[in-house]
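The values are calculated or read from the model by the stated rules, or taken from the named source; none is laboratory data. Small disclaimer: the values here were computed from a predicted structure and weren't measured. Cβ coordinates were reconstructed from backbone atoms using ideal geometry, including for glycine residues, and neighbour counts include every protein chain displayed. All accessible areas refer to the heavy atoms of the entire protein, side chains included, with ligands and DNA or RNA removed. Shrake-Rupley method; radii C 1.70, N 1.55, O 1.52, S 1.80 Å.
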Amino acid sequence: MQLDYIDLYLIHQPFGDVYGEWRAMEELYQQGKVRAIGVSNFPPDRIMDLMIHNKITPAVNQIEVNPFQQQIDTQKFLQDNNVQVEAWAPFAEGRNNIFKNELLLSIAAKHKKSVAQVILRWLLQRGIIALSKTTRKERMIENISLFDFELSTEDLAAITTLDTKTSGFFDHRDPEKVKWLGERKLDV
Ligand SMILES: NC(=O)c1ccc[n+]([C@@H]2O[C@H](COP(=O)([O-])OP(=O)(O)OC[C@H]3O[C@@H](n4cnc5c(N)ncnc54)[C@H](OP(=O)(O)O)[C@@H]3O)[C@@H](O)[C@H]2O)c1
C-alpha cells in the first residue's frame, strides 16, 4: 500500500479464522504499522469472546445502525466495554423509503434540515460515528452540515419508535447466511 501506517484496520465479519487474524493485527498494532484495530458485524458475545482471549480490545465495531435498526442494547454493551460504534448504512441504503419517512420528514421540516441531516445528527448525538456514502458533491456538503442544529429530547424519543430491531440486510447469526458468505469467499 506504500503507506507508513494505516489509521484503522478491521475484520469485516465474525467468521473464519478470526483469532489468527486478530493476533496478526495485534502484532501490526504493536509494531506501529496500524494505529487502531477493530471489527465489524460482531455481535456482543463474539466481541466479549475476542476480548477475553486476546490482549487488545477492538477500538471499534462497525455495525448496521439506522432509524430502523437502532442497536440500542448493543451500543450500551459496546460503550460499557470501551468499543466505539461506527454505523454502516446509516440511511439504510435508502431502503423502506427512509428519505420519505413521515416522522423523519416532520422533524426535518421543523429544523429546516433534510432527512439525511436528521439521521446523521441523531447518530452524532448518540455518540456514534456515521459512515454515510454519497456519489454527489452537494450531498457530501449536506451530510457534513450538522453542527448548526440540535435534536430535542422529544425528537430523539420519537425516532426510537421507528426501531424494528431487525437488520434490513442480513442476520450475522443466521447459519444459512454464514454458509452463503463462507462459500462466496471461496469463489474470490
Ligand atoms: N462493514 C460492513 O459490513 C458494511 C456493510 C455495508 C456498507 N458498509 C459501508 O458503509 C458505508 C455506507 O454506505 P451504504 O451505501 O451502505 O449506505 P448509506 O450511506 O446508508 O446509503 C447510501 C445511499 O444514500 C444516498 N444518499 C446519501 N446521502 C444522501 C442525501 N443527503 N440525500 C439523499 N440520499 C442520500 C446515496 O445516494 P447517492 O450516492 O446518489 O447520493 C446512496 O444511495 C460505505 O462506506 C460502505 O462501504 C459497510
- Message: If a residue must be charged (D, E, K, R) and either touching a helix residue (DSSP H, G or I) at 6+ places or on another chain (Cβ under 6 Å) or under 26 Å from residue 84 (Cα atoms) (or both), how many such residues does segment 105-141 contain?
- Response: 4
- Task: Go through segment 26-50 residue by residue and tally those that are open to solvent by less than 30 Å² (accessible area, probe 1.4 Å) and closer than 25 Å to residue 179 by Cα.
- Result: 8
- Message: I'd like the residue in segment 152-180 that is among the aromatic types (Phe, Trp, Tyr) and assigned to a loop (DSSP other than H, G, I, E, B) and, out of all such residues, is nearest to the ligand (Cβ to nearest atom).
- Response: 169
- If you go through 83, 60, the only one that is open to solvent by less than 80 Å² (accessible area, probe 1.4 Å) and within 12 Å of the ligand (Cβ to nearest atom) is 60
- For segment 46-151, which fully contained helices (runs of 4 or more DSSP H) count at least 2 residues that are within 25 Å of residue 16 (Cβ to Cβ) and either in contact (Cβ under 8 Å) with a residue 24 or more places away in the chain or touching a strand residue (DSSP E or B) at 6+ places or on another chain (Cβ under 7 Å) (or both)? 72-80
- Item | Hits in segment 7-24 (condition: within 16 Å of the ligand (Cβ to nearest atom) and either without any contact (Cβ under 8 Å) to a residue 24 or more places away in the chain or among the aliphatic types (A, V, I, L, M) (or both)) | 8, 10, 11, 18, 21
- Given the residues 97, 82, 61, which is the only one that is farther than 21 Å from residue 132 by Cβ, of a type in the set (S, T, N, Q) and modelled with pLDDT of 95 or more? 82
- So how many residues does segment 145-186 have that are more than 19 Å from residue 11 (Cα to Cα) and of a type in the set (Asp, Glu)? 6
- Note on the structure: The residue that is most open to solvent (accessible area, probe 1.4 Å), considering only those in segment 2-21 that are within 19 Å of residue 174 (Cα to Cα) and not in a strand (DSSP E or B), is 12
- Exactly one of 126, 121 is touching a Leu at 6+ places or on another chain (Cβ under 7 Å) and either more than 10 Å from the ligand (Cβ to nearest atom) or open to solvent by less than 70 Å² (accessible area, probe 1.4 Å) (or both), and that residue is 121
- Item | Residue, least open to solvent (accessible area, probe 1.4 Å), within segment 162-175, restricted to residues that are over 11 Å from residue 104 (Cα atoms) and either hydrophobic (A, V, I, L, M, F, W, C) or in contact with a Leu (Cβ under 9 Å, 6 or more places away or on another chain) (or both) | 172
- Only one of (1) closer than 26 Å to residue 62 by Cβ; (2) more than 10 Å from the ligand (Cβ to nearest atom) fails for residue 109. Which number is that? (1)
